[in-house]
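This report refers to the structure that appears directly beneath it.
The values are calculated or read from the model by the stated rules, or taken from the named source; none is laboratory data. No experiment lies behind these values; they were computed from the predicted model shown. Cβ sites come from the backbone with ideal geometry, for glycine too, and all protein chains shown count toward neighbours. Each accessible area value is taken on the protein alone, full model and side chains, heavy atoms only, with ligands, DNA and RNA left out. Shrake-Rupley method; radii C 1.70, N 1.55, O 1.52, S 1.80 Å.
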Amino acid sequence: MNTRLTALALAASALAFAGAAAPASAQTSPAAVAKGYHAPKNAFGQPDMSGVWSNATITRLERDPKYGERLVLTPEESKAIEGASDARNARLRANTDTTIKDPDKLPECQSGALGAACGYNAFWTDPGTRLIRIGGEARTSILTTPANGRLPARVRAAGAAPRRDVGGNFDNPENRALGERCIVGFGGTSGPPMLPVLYNNHYQIQQTKDAVVIVVEMVHDARIVRMGGSHPPANVRTWMGDSIGHWEGETLVVETTNLRREQGLRGPEEDMKVIERFTRVSPQQILYQFEVVDPGAYSAPIKGEEALNFTKDKIYEYACHEGNYAMTGILAGARAAEKEGKPVEGNRGRVAEEGGR
């Protein structure tokens, strides 16, 4: 083989390898996904994003390490993953075997729990059935940065107490999960960033000249994004933070600060800032991109992308129980265990949220 043919063969091999294992990029270009599409304008001259959208997906926040830095799945891989999910859903939705009398021997439920821990079977959950697809390509993870699609190592300021040293999860209601307390959505669904969970993954967007409202199906949240203005002083902290938006062409850019520390990404954070970008790239999809900025909590920047897909579904009230009888039972059970001298299992660990994934 002559030199020129050898060079061509090596180049072809390199291209084939790159296509099969393309590394993750920091952020997708909305224009490349939209391919010339321009969102219709509303009465205020803004790109119209009103309607109900869903981010339900079987794509996980963090990437399976086996994919390395590869962000995009091959068609064969995505077909196999979705096929396995469909088969599992069919099995979980089958009629319960009433001959099983021991609850500890019940099959797995939708959340992956077993036996008596299976609080919800598949009838009550709706985590989605398909992978995230952006520009027609199925994704290995929501996270795009770091390149491995995994959350970077957490850091802690000198002298700051980790959450497990602040108090036990069963010591008082304030140490339980926010969703369990009916304050904000489970598992980060209320945002920012807005992440998919086990069910109730709908968002209704409404626009006015001066604000954008995002109604979150899970629990009862309504995020109000002010167009323009400035953030309040740093000591003023609110649930879901203070969000200010502006338009960059056809993209709505939202900066959120002043979040309460309890709403950190996968753990408490003191000064998290989130930058979100909403771009309608087709009649059926909004490209949702986010960046989490908190060098005091994470050792590297965090970025991610999701598809908000249009749906004709309606959002109904999520009646998070005001009486919260489960909370009474949880705390009473812990007090009873303490009186008997028994350790409360997981009392210094992370609170597992019902709807989280």
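Across the stretch 57-86, the number of residues qualifying as touching a strand residue (DSSP E or B) at 6+ places or on another chain (Cβ under 9 Å) and of a type in the set (Phe, Trp, Tyr) comes to 0.
In the stretch 169-189 there is at least one residue matching the filter, namely being free of Cβ contacts under 8 Å to residues at least 60 places away in the same chain and under 22 Å from Tyr318 (Cα atoms).
Taking the criterion of being open to solvent by 20 Å² or more (accessible area, probe 1.4 Å), assigned to a loop (DSSP other than H, G, I, E, B) and either closer than 30 Å to Pro146 by Cα or not polar (S, T, N, Q) (or both), the residues of the stretch 278-313 that qualify are Pro283, Gln284, Pro295, Gly296, Ser299, Ala300, Pro301, Lys312, Asp313. State which residue is modelled with the lowest pLDDT when the search covers only the stretch 314-351 and only residues that are closer than 16 Å to Thr189 by Cβ and open to solvent by 80 Å² or more (accessible area, probe 1.4 Å). Filtering the stretch 314-351 for residues that are closer than 16 Å to Thr189 by Cβ and open to solvent by 80 Å² or more (accessible area, probe 1.4 Å), the one modelled with the lowest pLDDT comes out as Glu317. Restricting Pro47, Pro23, Pro75 to residues that are modelled with pLDDT of 95 or more and touching a Leu at 6+ places or on another chain (Cβ under 8 Å) narrows the list to Pro47.
Residues of the stretch 201-216 that are surrounded by fewer than 24 Cβ atoms within 10 Å (Cβ to Cβ) and in a loop (DSSP other than H, G, I, E, B): Thr208, Lys209, Asp210.
Residue by residue, here is whether (1) at pLDDT 85 or above; (2) on the phi < 0 side of the Ramachandran plot; (3) open to solvent by 30 Å² or more (accessible area, probe 1.4 Å) holds:
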{"position": "Ala153", "(1), (2), (3)": "yes, yes, yes"}
{"position": "Ala158", "(1), (2), (3)": "no, yes, yes"}
{"position": "Asp165", "(1), (2), (3)": "no, yes, yes"}
{"position": "Phe170", "(1), (2), (3)": "yes, yes, yes"}
{"position": "Leu178", "(1), (2), (3)": "yes, yes, no"}
{"position": "Ile183", "(1), (2), (3)": "yes, yes, yes"}
{"position": "Pro192", "(1), (2), (3)": "yes, yes, no"}
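In summary, Gly229 fulfils each of the numbered conditions (1) assigned to a loop (DSSP other than H, G, I, E, B); (2) in contact with a strand residue (DSSP E or B) (Cβ under 8 Å, 6 or more places away or on another chain); (3) open to solvent by less than 60 Å² (accessible area, probe 1.4 Å) with the single exception of condition (3).
Checked against the criterion of being of a type in the set (Asp, Glu), open to solvent by 30 Å² or more (accessible area, probe 1.4 Å) and either in contact with a strand residue (DSSP E or B) (Cβ under 6 Å, 6 or more places away or on another chain) or modelled with pLDDT of 95 or more (or both), the stretch 260-271 has no qualifying residue.
When the stretch 75-108 is filtered for residues that are part of a loop (DSSP other than H, G, I, E, B) and either within 22 Å of the chain's Cα centre (by Cα) or surrounded by 15 or more Cβ atoms within 10 Å (Cβ to Cβ) (or both), the ones remaining, listed by number, are Leu106, Glu108.
Residue pairs whose Cβ atoms lie under 8 Å apart, separated by 6 or more positions or on different chains, with the first residue in the stretch 289-314 and closer than 21 Å to Arg277 by Cβ and the second open to solvent by less than 30 Å² (accessible area, probe 1.4 Å) and of a type in the set (Lys, Arg), are Glu305/Arg139.
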